[in-house]
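The structure appears below as structure tokens.
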Amino acid sequence: MPELPQRFDTLKVRAGHRPSEHHYAVQVPIYQTASYELGDPARAERLLCFDEVGFTYSRVGNPTVAALEERVAALDGASGAVALASGMAAVSYALLNVTDGGGRILSTRNLYGGTTDAFKKIFPRFGVEVDYAAEVDDPASFERALRPDTRAIFVESITNPNAVVADLAGLADVAHAHGIPLIVDNTFATPYLLRPIEHGADVVVYSATKGLSGNGSTIAGLVLESGLFDWGDGSFPQFTDPIHTLRDRFGAERGILDITGEFPFTLRLRLTYLAYLGAALGPQDAYLVLLGLETLSERVAKQVATAERVVAHLQAHPDVAWVFHPSAAGSRSADLAARYLPRGAGPVLSFGLHGDPARAEALIAATGLFSYQANVGDARSLIINSARTTHGELDAAEQAAAGIRPETIRLSIGLEDPDDLIDDLDQAIAAAVSALPGTTAG
Ligand SMILES: *Cc1c(COP(=O)(O)O)cnc(C)c1O
């Protein structure tokens with residue numbers, strides 16, 4: 001049979017699983033095992049020297065988890081991937097992998113709350129400082145904020161909560177002109193909407209807890225790489241320094257790049273951070289993410305269509321002061337969304353009501369359908385008051401810098417009937433306005 005190249009929707013249900021290697025099982029089997037037989041000492045030697053590819057211990061590799069890694073790598077056009085026990089493990093391990101030995105990360109204030117906290121509380125203790133450029137859609141602001149020891153640029157492709165679209169190609173140009181990688185958290189977009197590697201990203205991270213799995217059942221994360229970044233130019237010695245554990249069968253020590261030029265970033269992450277800090281994804285959880293991926297396109301397409309309807313409805317509502325989503329009329333991200341997100345700009349939007357900011361809490365209390373929780377990308381529609389919760393760790397000045405206003409309400413649109421969602425928002429807005437009257441629409 002000829003092997004034809006496969007497109008996105010084929011890959012999302014088939015990549016990474018070859019039934020003939022698994023007793024012809026149609027679905028990816030759950031390999032619930034901690035360890036693997038080494039066979040005989042000669043095979044053990046080949047495995048340890050990377051002369052043979054195989055599994056030894058599920059902390060660093062498991063066949064079910066490997067199917068997930070291969071499938072998401074195929075969807076993103078990546079040369080390698082490693083799945084982890086959470087999105088935070090993916091963010092932290094990726095950034096430590098590029099900065100270990102010290103150095104700085106250049107990012108923005110528009111980040112997932114847990115990432116912001118990690119940057120403030122944990123990274124400095126590992127000798128890693130973070131600088132903040134002004135805007136993800138202004139690469140020149142990154143150019144100005146670079147320092148001699150900046151090791152990577154890190155952004156979210158669609159920011160939280162205001163859904164500003166990053167200028168990935170512009171940021172990649174800035175990073176590459178300075179010999180550093182662009183690392184992109186693509187959680188909100190998922191590879192269905194955006195494949196950052198096609199726009200110059202070198203490393204992509206996901207919280208698979210969100211849209212990738214899409215069912216709100218599992219905490220999981222992934223790190224992927226393009227295979228195109230040059231880690232061997234001397235500025236990243238962690239990829240070239242010879243290491244005893246990487247010795248060949250004659251005992252000669254090797255560096256990561258001597259083992260693979262195809263996926264050195266994820267191999268090093270696997271052999272160091274995953275092996276020693278240990279946030280391994282279990283096979284059951286990998287299986288749940290694989291199940292979710294089977295409907296990625298169908299889910300996200302519907303969520304985007306509903307989100308666009310909700311945005312238009314809110315923009316026309318007299319009690320709504322503002323709506324942030326790239327599809328909103330007048331959005332600052334309209335041009336970048338047209339370039340990077342032709343299939344739509346994702347299920348997350350934010351808005352604010354006129355009048356007392358406490359109307360946000362009154363609206364949330366009044367909604368009957370939206371679930372009040374910090375997750376995004378779920379099959380159910382979700383609502384949150386960002387300033388008090390997800391970004392509550394930020395002080396007022398930091399919130400202002402991140403574009404989070406006190407009245408901000410973030411929605412993540414799910415798979416319900418769009419008319420039910422709009423009806424629920426209308427009655428909740430009316431309830432909030434009558435609970436806290438006194439301000440006329442402006
Ligand atoms: C949720 C999230 C994370 C963290 O992922 P967990 O799976 O919750 O650890 C990181 N980045 C973004 C953009 C997220 O939304």
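So, of the residues in the range 37-64 that are of a type in the set (A, V, I, L, M, F, W, C) and part of a loop (DSSP other than H, G, I, E, B), which turns out to be nearest to Y273 (Cα to Cα)?
Among residues in the range 37-64 that are of a type in the set (A, V, I, L, M, F, W, C) and part of a loop (DSSP other than H, G, I, E, B), the one nearest to Y273 (Cα to Cα) is V60.
Determine, yes or no, whether K302 is among the charged types (D, E, K, R) and in contact with a Gly (Cβ under 8 Å, 6 or more places away or on another chain). Against the criterion (among the charged types (D, E, K, R) and in contact with a Gly (Cβ under 8 Å, 6 or more places away or on another chain)), K302 does not qualify. When V136, V155, V184 are checked against the criterion of being under 25 Å from L228 (Cα atoms) and at pLDDT below 95, V136 stands alone in meeting it.
With respect to V300, is the statement that it is in contact with a Leu (Cβ under 9 Å, 6 or more places away or on another chain) and part of a strand (DSSP E or B) true? It is false that V300 is in contact with a Leu (Cβ under 9 Å, 6 or more places away or on another chain) and part of a strand (DSSP E or B). Restricted to the range 64-77, and to residues there that are in contact with a helix residue (DSSP H, G or I) (Cβ under 6 Å, 6 or more places away or on another chain) and of a type in the set (A, V, I, L, M), the residue that is surrounded by the most Cβ atoms within 10 Å (Cβ to Cβ) is L68.
Restricted to strands (runs of 3 or more DSSP E) entirely inside the range 311-412, those with at least 1 residues that are small (G, A, S), within 16 Å of the ligand (Cβ to nearest atom) and within 23 Å of the chain's Cα centre (by Cα) are 348-353, 409-412. Checked against the criteria, D417 does not count as out of contact with any helix residue (DSSP H, G or I) (no Cβ under 6 Å at 6 or more places or on another chain) and within 30 Å of A166 (Cβ to Cβ).
Taken over the range 401-442, the residue count meeting the criterion of being among the β-branched types (V, I, T), under 13 Å from V320 (Cβ atoms) and out of contact with any Leu (no Cβ under 8 Å at 6 or more places or on another chain) is 3. Within the range 88-115, being within 13 Å of the ligand (Cβ to nearest atom) and either surrounded by fewer than 21 Cβ atoms within 10 Å (Cβ to Cβ) or more than 23 Å from D137 (Cβ to Cβ) (or both) holds for M88, A89, A90, S92, Y93, G113, G114.
The values are calculated or read from the model by the stated rules, or taken from the named source; none is laboratory data. All of these numbers come straight from a predicted model, not from anything done at the bench. Using ideal geometry, Cβ is built from the backbone for each residue, glycine included, and neighbour counts are taken over all protein chains shown.
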